[in-house]
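Everything on this sheet refers to the single structure shown next.
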Amino acid sequence: MSELFGFIWCAIAGLFRSRAALQAEILVLRHQLNILHRRSPKRVALGKIDRLVFCGLYRLSPTVLDALKILQPETVIRWHRAGFRAYWRWRSRPRSGRPRIPADIRHLILEMSVANPLWGAPRIHGELLKLGVNVGQTTVAKYMARRRRPPSQGWKTFLRNHADGIASIDLFVVPTISFRLLYALLVLRHSRRELVWLGVTAHPSAEWIARQLTEASAGMSRRAISFAIAMAPMARPSFVASQRWVYGIARFRLGLAERLIGSIGRDCLDHVVSISEQHLRHLLNSYQGYYNESRTHLSLQKDAPIPRDVQSAGRVLALPILGGLHHRYVRI
């Protein structure tokens with residue numbers, strides 16, 4: 001920067017000098033440049049201030065290109081054009097733009113697009129306007145989730161929409177104290193995870209399963225029973241007898257019914273030895289009442305399949321179930 005001030009001072013002082021003195025100084029400077037050019041043939045490194053000075057002098061008087069010794073005239077012209085482009089790029093810069101969208105709004109748009117795969121940008125934009133969020137529709141489209149496939153509902157949504165009309169059935173094996181195998185059939189209604197029916201037999205058959213489904217039809221929708229009857233061929237004796245050993249057979253079962261079978265084992269059958277068919281039927285009927293009326297479920301917001309009233313006043317009393325294996329707590 002000091003060199004630039006010195007250069008400007010010399011230019012101002014030269015206005016008050018005689019023409020002969022200026023010509024003599026020019027000749028001396030030219031001779032010094034010739035000497036430096038002979039002794040220093042390498043390329044000279046110039047800074048931004050040096051380039052600015054050369055470009056300014058070239059703009060004032062283009063004939064100064066003839067006096068260049070350490071630079072090529074094309075170099076100064078290239079610097080001048082680059083400065084011209086930079087100047088107009090600066091003049092054309094945007095003075096203002098769209099306000100930045102807050103992070104919580106962007107996150108909300110992403111959540112709405114993921115939770116509602118059938119919604120497009122206009123639908124999400126309308127919901128945001130109803131929430132008092134004033135953004136543009138193009139902004140909503142920018143921050144929506146990108147999908148490679150066409151939008152589709154998830155399996156959880158599909159099953160929830162059909163839960164009221166679906167019931168699942170399954171068979172499981174229970175050994176008795178004499179190592180005799182008994183077969184139990186359950187019917188589970190998906191809407192409230194209600195255990196509708198439990199049947200026990202030592203010789204399962206297609207006719208016995210059809211009779212059990214007919215008896216379990218009380219209180220169930222016609223659509224649910226139609227679905228259960230359609231699943232009856234999977235519960236033939238040959239299928240039941242082989243499912244304990246065939247690898248991967250669990251993929252043919254219905255998930256909720258299989259989970260219920262695990263609950264029956266953990267809550268009851270793993271702690272009790274079945275003596276006979278009548279004894280097993282009595283145990284399962286007792287567990288059915290406990291499961292439907294007392295046992296709370298996470299999927300039901302900690303409620304039972306048959307809703308329980310909230311009791312806030314009174315003394316807590318424990319009612320034993322299954323001989324004290326479980327208890328139901330009430331207020332009296």
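The values are calculated or read from the model by the stated rules, or taken from the named source; none is laboratory data. All figures in this text were calculated on a predicted structure; none of them were measured in a lab. Please note: Cβ atoms are built from the backbone with ideal geometry, for glycine as well, and neighbour counts cover all protein chains shown.
Okay, here's what the table says:
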{"read-out": "Matching residues in segment 266-278 - criterion: being in a helix (DSSP H, G or I) and touching a residue at least 40 places away in the same chain (Cβ under 8 Å)", "value": "Asp267, Leu269, His271, Glu277"}
{"read-out": "Output for segment 200-231, where each listed residue is among the β-branched types (Val, Ile, Thr) and either within 19 Å of Arg281 (Cα to Cα) or modelled with pLDDT of 65 or more (or both)", "value": "Val200, Thr201, Ile209, Thr214"}
{"read-out": "Total residues in segment 171-217, condition farther than 20 Å from Val272 by Cβ and not hydrophobic (A, V, I, L, M, F, W, C)", "value": "15"}
{"read-out": "Checklist (1) surrounded by 15 or more Cβ atoms within 10 Å (Cβ to Cβ); (2) under 27 Å from the mean Cα position of the chain (by Cα) applied to Gly165, failing item", "value": "(2)"}
